[in-house]
Every structure is written in structure tokens, then in C-alpha cells.
Amino acid sequence: MLDRSEPNIKTVPRKFNSRLRFSSRPPYEAIFSERIPVLQAFQCAMGNYLYERAQGTPNFLKKIWQLINPLSHPFRAVECGVYMGNSLLSCGSLAHGANIPFQIIGLDTFTGLPPLSDKDRSLAPKEAKYLNEILFKDTSMESVQAKIAKDGLSKHIVLLKGLFKDTLPTLVDQQYHFVNIDCDLYEPHIECLEYFYPRMVKGGVLFFDDYHSIDFPMASKAIDQFMSDKPEQLLHLRFGDDGPNITKSFFVKY
């Protein structure tokens, strides 16, 4: 009788494909290993938000107002570097499934990486492709907006197109519960950290997609410089076997 069983071959995670849809619901496939940590950090931020709400407020009238108008105190999140919107949509779906009031802002040029500064060029690997060509330009705000509408999240997620130095000053001055910084380069990291760090609520989570990136070593340089005089400590998350840019980092605001 023929043995038709599958050979005992160790499964090797395939290279992540940014065009494949990343779900917010487990079980997670190894191919999405580099995307899982952002959901764990997002869940941590949601948990801290729910704990904060459960503590209530000493102001009775304010508490009644929040109960009647849940959107008066929503879970606020931002993604700096949206690209095709996979992480943005997964986090939005997670918040929607948790049945909490939430608002997410997605910031991106939607035309690829911005021009490199002298600092970025000095820190980039000599063989880096982005030294001579624009990466991540195979997207558009319209295509991401269409995905958001398809998932029924249009009233929760807003996209802003442009450089961070132009879009950050246009945001309403408010506090945030979760910020995902996924912008690769040195100056954009500094711009985002300078803006969002003082606007994070206590217990808010600031997530870094590129801290351990081999292709973009300038990310960790910017983060380390900014955090050098801050009390928070970076935490590190990894799903599956180690590999280039598989481990991610975040901190919880004190």
C-alpha cells in the first residue's frame, strides 16, 4: 500500500507580501509574523483605555455625559506611515470588534518615501535601494480609502495625505491612546515623536515598526536619541522565528 502522507518538512515562513490581507483575528499565519506585534500592542492600548474608563470620573455630570455620549471620550489612535493600509485596517477591525468608540488617523504621503535628508543618507546601508529610487510608491490614498469603505470603517478612520511636517500641525490638539510610527527614516521619526510623545495619555502605547530594521537603521538611531532622557523603557515583541525586522518595539507612556 502506497504511503500518501505528507513528507516531514519543516515549514519556513514565506517572505511577507504587503499585498496580502492581514486579518485581526487569530490563528495567525507565519507569513504575517512581522505584523502580529502591532496587534498585541494595540490590544494593550485598548486594555489600558478600557481600564481608564472603568475607573470613572469624580465629576458626576461628566460621567453621565460620557455614558450618554460615548464618542465624547473615544479611543484615539494614529498610524504614521500607512502604505497599503493593512495594519491600519486590522487595528480598525480589532477596535470595531471590541465595540468601543474609536477614531484612527492615517498619515502618509501616499506617494512613497519622502526625499532623504543628509542624515538618512549617512546612516543608510551602502547597498540600500532607496538611495537611488523611491520605495513604497505603489499605493494611493484612494485605494486605501476604498478598502476602509469596503470594511465599513469610513466613519472611524480618516486619512491625511502629505509630509508629517505639513499634516501634524493640522491635527486637533488632543491626547492619544495608541500611535504606530512606521516611517522608516530619521527625520520623520523625530517629527512624530516630538509631536505625539507629549500628547500620549498615561497608559498610552507608542509602537515602532522599524526599530530593529536592517534596511532602515536610522529608525533606531532617531528613537534612541529621542528616548535618551525619557523615563519609559522600550519593550520588544516577536512572533515566530527571528529574522530581518521581525522583532518590533513599543513603550507604555508613564
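What to note about this one:
- Within the set Ser93, Ser117, the sole residue that is hydroxyl-bearing (Ser, Thr, Tyr) and more than 18 Å from the chain's Cα centre (by Cα) turns out to be Ser117.
- Counted residues, the stretch 201-225 - those being open to solvent by 40 Å² or more (accessible area, probe 1.4 Å), closer than 24 Å to Cys91 by Cα and either among the aliphatic types (A, V, I, L, M) or free of Cβ contacts under 8 Å to residues at least 24 places away in the same chain (or both): 0
- Residues of the stretch 127-140 that are in a loop (DSSP other than H, G, I, E, B) and open to solvent by less than 30 Å² (accessible area, probe 1.4 Å): Ala128, Thr139.
- In the condition set (1) farther than 23 Å from Ser143 by Cα; (2) of a type in the set (A, V, I, L, M); (3) modelled with pLDDT of 55 or more, Ile105 is compliant with all but (1).
- Qualifying residue in the stretch 70-86 (condition: modelled with pLDDT of 95 or more, open to solvent by 30 Å² or more (accessible area, probe 1.4 Å) and in contact with a Ser or Thr (Cβ under 9 Å, 6 or more places away or on another chain)): yes
- Of all residues making up the stretch 169-206, the number that are assigned to a strand (DSSP E or B) and out of contact with any strand residue (DSSP E or B) (no Cβ under 7 Å at 6 or more places or on another chain): 1
- Residue check for Ser228: of a type in the set (Gly, Ala, Ser) and open to solvent by 10 Å² or more (accessible area, probe 1.4 Å): yes
- Filter result for Asn48 (modelled with pLDDT under 95 and open to solvent by 30 Å² or more (accessible area, probe 1.4 Å)): no
- Checking Ser122, Ser87 one by one, the residue that is of a type in the set (Gly, Ala, Ser) and in contact with an Asp or Glu (Cβ under 7 Å, 6 or more places away or on another chain) is Ser87 and no other.
- Test: His236 is touching a residue at least 24 places away in the same chain (Cβ under 8 Å), within 30 Å of Arg53 (Cβ to Cβ) and open to solvent by 50 Å² or more (accessible area, probe 1.4 Å): yes
- Test: residue in the stretch 141-162 that is buried (at least 18 other Cβ atoms within 10 Å of the Cβ) and of a type in the set (Ser, Thr, Tyr): no
- Boolean, Ile190 is closer than 25 Å to Thr247 by Cα, of a type in the set (A, V, I, L, M, F, W, C) and open to solvent by 20 Å² or more (accessible area, probe 1.4 Å): yes
The values are calculated or read from the model by the stated rules, or taken from the named source; none is laboratory data. These numbers were taken from a predicted model, which means no experiment stands behind them. FYI the Cβ positions are ideal-geometry reconstructions off the backbone, even for glycines, and counts take in every protein chain you see. For the accessible areas, the whole protein counts, side chains as well, though only heavy atoms, and no ligand, DNA or RNA atoms are used. Shrake-Rupley method; radii C 1.70, N 1.55, O 1.52, S 1.80 Å.
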